[in-house]
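Take a look at the structure below.
The values are calculated or read from the model by the stated rules, or taken from the named source; none is laboratory data. All values derive from a computational prediction rather than experimental measurement. Don't worry about glycine lacking a Cβ; one is built from the backbone with ideal geometry, like all the others, and counts go over all protein chains shown. All accessible areas refer to the heavy atoms of the entire protein, side chains included, with ligands and DNA or RNA removed. Shrake-Rupley method; radii C 1.70, N 1.55, O 1.52, S 1.80 Å.
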Amino acid sequence: MTKFKRFAAIGLAAVMSIAAFAGCGKSSSSSSGSGDKKTEAPGETKAPGTDETKAPGTGDKVDYSDVGEGEGKVLNIYVWNEEFKERVEEFYPGYEKVDGTTGKIGDVTVKFTIVENKDNKYQDNLDMQLDKEDKGEVGADEIIDIFLVEADYALKYVDDPASMDITELGITKEQIANQFTYTQDVMTSADGKLKGLSWQGCPGVLCYNKAIAKEVLGADDPDTVQAAVKDWATFNDTAKKLADKGYKAVSGFDDTYRVFSNNVSSKWVDKDGQKIVVDDAIMEWVKQTKDFTDKGYNDKTLLWSDEWKSGFPADQKVFCYFGPAWLVDFNIGLKDPDTKQYTNNGVWSICEGPQNFFWGGTWVCAGSNTDNKTLVKNIMLALTTDADIMTEICKVKNDFVNNKEAMDKIANDANYKSEFLGMNPIPYYNAGVGKIDLKYLGEYDQGCNEEFQNAMHNYFLGAATLEEAMDAFKKAVGEKYPAIKDYELVYKAD
């Protein structure tokens, strides 16, 4: 995307703000992870930063303490929540925390700027800062060295000169060979440049309440539950059985949305920008959710609301939630704010669910004006390619990390269990990650997804007809993306 398009996007889209991806996507709330703990690089016998470490599988030595002679003295990192900051604080060798948003690596000061995703605030702030850089209005200590993007708006920055080709940092194909292919496809520009790397993969699963499963289905093991949710027709039948016992199949309107929206056969906006297409798969979500709402199969909650979260404790009535590892652990897994211990561990388990899908993902991009290339490169290598460090991230944070070697090893580790789930979830994530298809990913996804869900809520509640909800969606998208205001809205109503 050209510089012009990026800033057209502030007023064009203010592009995309769904709280869905908070962190890996995760919600826009901050994580409560410790961050005060400084860990040694996994496998090191010396204090972090005192010796060279090796990024496994690369054959290259990586000195993570190297901050680059003559390079910048301030490393600026733009993020929307605490997740990446925690990964750097806890897992980057030699990182020293100074305060909540500041740290040190060697003699370089690391500053995190955190702006929430909600209502496009993160992107707007990032774009304004990048615009100032383009105009030469910022000093060296204010230049953005690293910024993060999510899948729903990644394409906005992939073809933008604001993001740097990783080869300009000196990162090689061999060093990223163990990453899942789809995570690189997301960030590959039209001319074949890879513009960002991720430490996580986000294949989705169905996370279910074991006690409810045992009561309604007769058993709580993943195989039994999978048989009851193996496709949408079976899932809908199970929803009735759950309702007959006083339970809700899902919490709210949007719980199944990502499963349907990940199985579309077209992009939201056609290549000429003249049509916005509501895919048949998304209309199936509309049909199912309206049916569930009318029959009382959901609790009519909104995604990320307190009411939506109220289904997480052990004694509640919601049977399942859909999402990847970050949703399972970061959101459903409740932690005591003082002890950091789970308060609902053993309550939930996972299975594959009715359809393969993914949700979210966070990519680390190098700012094109960075004066800290060495340190940016090393952070990317440490957190997205080093199998030892990534294995530790998986075990400590329950992330499904972007490293085939690490994930295969943990999937086959009979001694590994997620503390929250009481089982090894990696085989279930592994089963889905190879099926992720980004063919229909587009630059308007976040805005269209968000506004479509918002518009349909009134229809589900009976406060608007389907046609009125569609008109509201068309109006909202026209305001969010002025460049495509003269378009046709295409959908199949039945």
Completion exercise
Nearest-0.05 FRET efficiency for E488 and L438 at R0 = 25 Å, using Cβ-Cβ distance, is 0.50
Practice task
Could you pull the accessible area for W285 with a 1.4 Å probe, rounded to 10 Å²?
Solution key: 0
Handout entry: Modelled label reach - A314, point 7 Å along Cα→Cβ, the stretch 340-375 residues with backbone N closer than 20 Å
Key = 340-350
Handout entry: Heavy atoms of D272: accessible area, 1.4 Å probe, square angstrom to 10
Key = 110
Handout entry: 20 Å reach of a label modelled at K245, 7 Å along Cα-to-Cβ, counting backbone N of the stretch 190-229
Key = 206-229
Completion exercise
Between the modelled labels at K409 and D338 (7 Å from Cα along Cα→Cβ) the distance in nm is 3.8
Completion exercise
Given unit charges at Cβ for Lys, Arg (+) and Asp, Glu (-), the dipole magnitude of the chain about its Cα centre in debye, nearest 20, is 860
Fill in the blank from the handout: In degrees, nearest 10, the alpha-carbon axis of helix 387-397 is tilted away from the dominant principal axis of the alpha carbons of the chain by 50
Problem - In order through the stretch 72-89: 3J(HN,Hα) via Karplus (6.51 cos²θ - 1.76 cosθ + 1.60), integer Hz, x for Gly, Pro - result: x, 9, 10, 9, 9, 10, 9, 9, 10, 7, 7, 4, 5, 4, 4, 5, 5, 4
Handout entry: Where L302, L194, L217 fall by accessible area, highest first, once all protein chains stay in place (1.4 Å)
Key = L302, L217, L194
Problem - Distribution of pairwise C-alpha distances over the stretch 135-219, 10 Å bins, in % - result: 13, 35, 22, 13, 10, 5, 1
Fill in the blank from the handout: For the stretch 133-145, Karplus-derived ³J(HN,Hα) couplings (6.51, -1.76, 1.60; θ = phi - 60°; whole Hz; x for glycine and proline) come out as 4, 4, 8, x, 9, 10, x, 4, 6, 10, 5, 6, 8
Exercise for the section: Just need log10 I(q)/I(0) for the stretch 324-439 at q = 0.13, 0.17, 0.18, 0.22 Å⁻¹, Debye formula, equal scatterers on the alpha-carbon atoms, no solvent, rounded to two decimals. Expected result: -0.60, -0.95, -1.03, -1.31
Practice task
Return one whole number: the accessible area per residue of the stretch 223-347 in Å², for a 1.4 Å probe.
Solution key: 43
Fill in the blank from the handout: Quotient of Cα radius of gyration and Kirkwood radius for the chain, i.e. Rg/Rh, equals 0.96
Practice task
For G204, list long-range residues whose amide hydrogen, built 1.01 Å from N in the peptide plane, is under 5 Å from its own amide hydrogen.
Solution key: F357, F358, W359
Practice task
Starting from the Kirkwood radius over alpha-carbon pairs of the stretch 213-327, derive D by Stokes-Einstein at 4 °C in a medium of 1.567 mPa s and give it in µm² s⁻¹.
Solution key: 85
Fill in the blank from the handout: Plugging the Cβ-Cβ distance of N458 and D237 into 1/(1 + (r/R0)^6) at R0 = 30 Å yields, to the nearest 0.05, a FRET efficiency of 0.60
Completion exercise
In degrees, nearest 10, the alpha-carbon axis of helix 466-480 is tilted away from the dominant principal axis of the alpha carbons of the chain by 20
Practice task
Would you calculate, for the chain, the mean residue ellipticity at 222 nm contributed by helices, counting each DSSP H stretch of 4 or more residues as -39,500 (n - 2.57) and dividing by all residues, to the nearest 500?
Solution key: -10000 deg cm²/dmol
Handout entry: Nonlocal amide H pairs with T113, under 5 Å, H built at 1.01 Å
Key = I77, Y78, V79
Completion exercise
Rounded to the nearest 10, the angle in degrees between the Cα long axis of helix 280-295 and the longest principal axis of the Cα atoms of the chain comes to 60
